[in-house]
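Here's the structure we're looking at; comments come further down.
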Ligand code: SF4
Ligand code: SF4
């Protein structure tokens, strides 16, 4: 099949069949506005120790450097919102995205199926699948393809699903029908800026200083957590959901239907004492195959110790 609108329609249909929540398609051009913004952000050192953000700069802003002759970027959303919560409200907290099986594994399989489907329908095309695994400006592409806007908390917000969504992409050398961006709906709201306990979001929003963000401090950061963040972690020991929890657009988020993302009861049941006493063996049993292993036992213990050393009133 070589009819542009016909194949675009088939790809959309197949993406939904595979379980993706939404799909948006953009023309694969150099992201010139994002290029300026990224340079400014890197110059400020807001990427902290994430050197990979600096590397392959050209690949980040130019999809043809990733797939020669790239014509289209297909952005896909995968809902991970759940009403499930850790039962004890005073326990140490893990970000929702890490409750279940590692999303990279779940989504990559589906992306490869979609790529295979496109190849079967169109013949010999070139393409690559990305899920948080290569220098792709995922939020910028999703916004460009009308899947939402980048909010003041710097996350992609979809009008109907909110922001508890994983992003992934296919870059292919086939022309498709493209979507238009949507306008921002943050308006005068400043809830995420006001709620962030470490003031990681700039005063006017849309810029995040990773060196202050609990997500960075508890996951990517390999050193000690700076003492200035003591009493500011809001009991988070892996990631942080505060700037999403307060966002009014997440009122519309619906429960995901991915059984792989279901949390273990034993994890939901953990009280702060269970975290304080967690052994390496228990860590492996509880978190094998989940994003939490990224921090490794040593990193999680560091985070637990740091939060434990905070003032008592954080727990009560
Ligand atoms: S994830 Fe937490 S620490 Fe990071 S910007 Fe959001 S509220 Fe602030
Ligand atoms: S909390 Fe308000 S300002 Fe922040 S991202 Fe959501 S709508 Fe935008």
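The values are calculated or read from the model by the stated rules, or taken from the named source; none is laboratory data. From a predicted model like this one, the values you see are computed outputs, not experimental measurements. Because the Cβ atoms are built from the backbone with ideal geometry, glycine has one as well, and the counts that use them run over all protein chains shown.
Overview of values
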read-out: Residue 251 vs. criteria more than 17 Å from the chain's Cα centre (by Cα), more than 20 Å from residue 214 (Cα to Cα) and outside any loop (DSSP other than H, G, I, E, B); value: yes
read-out: Any hit, the range 207-225, residues being within 22 Å of residue 78 (Cβ to Cβ), surrounded by 17 or more Cβ atoms within 10 Å (Cβ to Cβ) and modelled with pLDDT under 95; value: yes
read-out: Among (1) surrounded by 22 or more Cβ atoms within 10 Å (Cβ to Cβ); (2) farther than 24 Å from residue 243 by Cβ; (3) in contact with a helix residue (DSSP H, G or I) (Cβ under 8 Å, 6 or more places away or on another chain) - the single one residue 75 does not satisfy; value: (2)
read-out: Tabulated pairs, the range 34-54, first touching a residue at least 12 places away in the same chain (Cβ under 8 Å), second assigned to a loop (DSSP other than H, G, I, E, B) and loosely packed, with under 15 Cβ neighbours inside 10 Å, C-beta under 9 angstrom, 6+ apart or interchain; value: 42/54; 47/54; 49/222; 49/223
read-out: Residue in the range 26-48 that is outside any loop (DSSP other than H, G, I, E, B), modelled with pLDDT of 95 or more and crowded, with 20+ Cβ neighbours inside 10 Å present; value: yes
read-out: Only listed residue being free of Cβ contacts under 8 Å to residues at least 24 places away in the same chain, farther than 28 Å from residue 163 by Cα and touching a helix residue (DSSP H, G or I) at 6+ places or on another chain (Cβ under 7 Å), chosen from 266, 280, 273; value: 280
read-out: Residue list for the range 227-263, restricted to those being free of Cβ contacts under 8 Å to residues at least 12 places away in the same chain, more than 16 Å from ligand 1 (Cβ to nearest atom) and over 18 Å from residue 301 (Cα atoms); value: 259
read-out: The lone exception for residue 176 - which of (1) in contact with a helix residue (DSSP H, G or I) (Cβ under 7 Å, 6 or more places away or on another chain); (2) under 18 Å from residue 156 (Cβ atoms); (3) away from ligand 1 (no atom under 12 Å from the Cβ) it fails; value: (2)
read-out: Some residue of the range 261-268 being under 15 Å from the mean Cα position of the chain (by Cα) and outside any helix (DSSP H, G or I); value: no
read-out: Some residue of the range 118-131 being under 16 Å from residue 24 (Cα atoms), more than 17 Å from the chain's Cα centre (by Cα) and in a helix (DSSP H, G or I); value: yes
read-out: Residue 261 in contact with a strand residue (DSSP E or B) (Cβ under 8 Å, 6 or more places away or on another chain) and surrounded by 15 or more Cβ atoms within 10 Å (Cβ to Cβ); value: no
read-out: Of the criteria (1) touching a residue at least 40 places away in the same chain (Cβ under 8 Å); (2) in a loop (DSSP other than H, G, I, E, B), which one residue 89 fails; value: (1)
read-out: Top-ranked residue in the range 192-205 [being touching a helix residue (DSSP H, G or I) at 6+ places or on another chain (Cβ under 7 Å) and not in a loop (DSSP other than H, G, I, E, B); ranked as nearest to ligand 2 (Cβ to nearest atom)]; value: 192
